[in-house]
Amino acid sequence: MLLPVGSNELHGEHLPTGVDDFLAVEVCREAPVVPMAVTPSVRCGSAEHHMPFGGTVTLSLPTLHSLPRDVRRSILCSADLIVARIRY
């Protein structure tokens, strides 16, 4: 399972604010050699250096590091239910 993470930050007038998220999602969808599920994306990362610009949403590093672990834990808790729904 892949978890796309892309910062929500301003790159200038030539790109939308969510471009990092858009790219992370597309890479996760297109890159796997074997079929793999893609979770909903996390639309913010660590972008403290972009805070002076508009539209930036940032997380602290401890929060960003805990996100994938927490998502993984919640998916593993419901994995039996997901498999059961796919089978029937």
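Report every pair of residues separated by at least 6 positions or lying on different chains whose Cβ atoms are under 6 Å apart, first residue within segment 3-17 and over 14 Å from LEU59 (Cβ atoms) and in contact (Cβ under 8 Å) with a residue 24 or more places away in the chain, second in a loop (DSSP other than H, G, I, E, B) and of a type in the set (Phe, Trp, Tyr).
Listed by first residue and then by second, the contacts come to LEU10/PHE53.
Here is a list: LEU64, LEU59, LEU10. Which entry is aliphatic (A, V, I, L, M) and out of contact with any strand residue (DSSP E or B) (no Cβ under 7 Å at 6 or more places or on another chain)?
Result of the check over LEU64, LEU59, LEU10: LEU10.
When the residues of segment 19-54 are filtered to those that are among the small types (Gly, Ala, Ser) and modelled with pLDDT under 85, which remaining residue is nearest to HIS65 (Cα to Cα)?
ALA37
From the set of residues in segment 18-35 that are in contact (Cβ under 8 Å) with a residue 24 or more places away in the chain and crowded, with 16+ Cβ neighbours inside 10 Å, which is nearest to ILE75 (Cα to Cα)?
CYS28
What are the residues in segment 36-63 that are in a helix (DSSP H, G or I) and either in contact (Cβ under 8 Å) with a residue 40 or more places away in the chain or under 27 Å from MET1 (Cα atoms) (or both), if any?
HIS50, LEU61, PRO62, THR63 - these are the residues of segment 36-63 that are in a helix (DSSP H, G or I) and either in contact (Cβ under 8 Å) with a residue 40 or more places away in the chain or under 27 Å from MET1 (Cα atoms) (or both).
Would you call PRO4 at pLDDT 85 or above and buried (at least 16 other Cβ atoms within 10 Å of the Cβ)?
Yes: the conditions hold for PRO4.
The values are calculated or read from the model by the stated rules, or taken from the named source; none is laboratory data. The structure presented is a predicted model; accordingly, all values stated were derived computationally and were not measured. Because the Cβ atoms are built from the backbone with ideal geometry, glycine has one as well, and the counts that use them run over all protein chains shown.
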